[in-house]
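Heads up, the thing below is written out as structure tokens.
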Amino acid sequence: EYISEICKACPNLQQLSFENCGLRILSNENLEALLTECPNLKRLTIRGSRYISPKTFLKFQDWLPVWER
């Protein structure tokens, strides 16, 4: 679980970008873990990932008030 390791190593992480990541790095479960384990995250960029389901993106609404708009 790379994302958990990132969040533990960088507890004040505010920006993160994923580009053309495979399923091992960025999946529905990993993305949900990222949103719960990185409370200081303000900006998340995902480009070129075919592995995230629309249902997972709908869950972002729970975190939107915390993020900058």
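The values are calculated or read from the model by the stated rules, or taken from the named source; none is laboratory data. As the structure is a prediction and not an experimental result, all values here were calculated from the model. For neighbour counting, all protein chains shown are included, and Cβ atoms are generated from backbone atoms with ideal geometry for every residue, glycine included.
A few remarks follow.
- Hits in region 23-35 (condition: of a type outside the set (K, R), over 9 Å from the mean Cα position of the chain (by Cα) and at pLDDT below 85): L23, I25
- Of all the listed residues (L64, L41), the sole one being modelled with pLDDT under 85 and either in contact with a Leu (Cβ under 9 Å, 6 or more places away or on another chain) or exposed (fewer than 11 other Cβ atoms within 10 Å of the Cβ) (or both) is L64.
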